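The values are calculated or read from the model by the stated rules, or taken from the named source; none is laboratory data. Because the structure is a prediction, the values reported are computed rather than measured. Every residue, glycine among them, receives a Cβ derived from its backbone with ideal geometry; neighbour counts consider all protein chains shown.
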Amino acid sequence: MRYYPAAIALSLICAVSASVGNGATVAPPDAAVELREQGRVALAAGETQAAIDAFEAALAIDPAYTTLYLDLAQAARNEGLRGKAIHYYREMLSRDPNNFAAISGEGEAMVEIGAMEKARRNLAQLQSLCGDSCEETRALAEALTKAPEEKVLTAEAVTPKATVTQN
């Protein structure tokens, strides 16, 4: 009982010092930044595989350099790998849940694969976070309006013709 105030003070000091350490951000190493720039140049030149290699090398140098996931997702979308791009966007969102670029990019990739309802959910999330004037919101809304509505083929629409053949 007499150690109770000391225990509370000690636990408060531990809690405050732990939360301060988690909030600090560290600049990525110069080598990782240089590799990212090389990857962006390669991606702009249409050399997608070289860009992916540079981004992955930068991520190996600094695994906490989370904006690389956005670059990897864009490279995957350029290669036509929508599922892999969605994976990278979700990895970014697991590290930064309110990243507008990741939410918008994931929504655009969803539109590309035809998952319109999920893309609309991303749009609603963006609208609630940053409003309609946000660049990412406008980009996703434009992608949704440009997407053609594909007619879904249902089982009722296809009726098999019964034919009888003799063996």
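S133 - would you say it is without any contact (Cβ under 8 Å) to a residue 24 or more places away in the chain and not in a loop (DSSP other than H, G, I, E, B)?
Numbers: without any contact (Cβ under 8 Å) to a residue 24 or more places away in the chain: yes; not in a loop (DSSP other than H, G, I, E, B): no.
No; evaluated as a whole, the condition is false for this residue.
Scanning segment 48-74 for residues that are surrounded by 16 or more Cβ atoms within 10 Å (Cβ to Cβ) and either in contact with a strand residue (DSSP E or B) (Cβ under 9 Å, 6 or more places away or on another chain) or more than 25 Å from V26 (Cβ to Cβ) (or both) returns T48, A50. Condition check: small (G, A, S), touching a helix residue (DSSP H, G or I) at 6+ places or on another chain (Cβ under 8 Å) and surrounded by fewer than 18 Cβ atoms within 10 Å (Cβ to Cβ). Does G114 satisfy that? In short, no. When restricted to residues that are touching a helix residue (DSSP H, G or I) at 6+ places or on another chain (Cβ under 7 Å) and either at pLDDT 90 or above or closer than 20 Å to R77 by Cα (or both), segment 128-144 contains 7. Whenever a residue of segment 70-89 is more than 22 Å from E37 (Cα to Cα) and part of a helix (DSSP H, G or I), its partners that are of a type outside the set (D, E) and at pLDDT 90 or above, lying with C-beta atoms within less than 6 angstrom and at least six residues away or across chains, give the pairs R82/A109; I86/A109. Only one entry of T137, T159, T66 meets the criterion of being hydroxyl-bearing (S, T, Y) and touching a Cys at 6+ places or on another chain (Cβ under 9 Å), and that entry is T137. Within segment 75-84, the set of residues being among the aliphatic types (A, V, I, L, M) and surrounded by fewer than 19 Cβ atoms within 10 Å (Cβ to Cβ) comprises just one member, L81.
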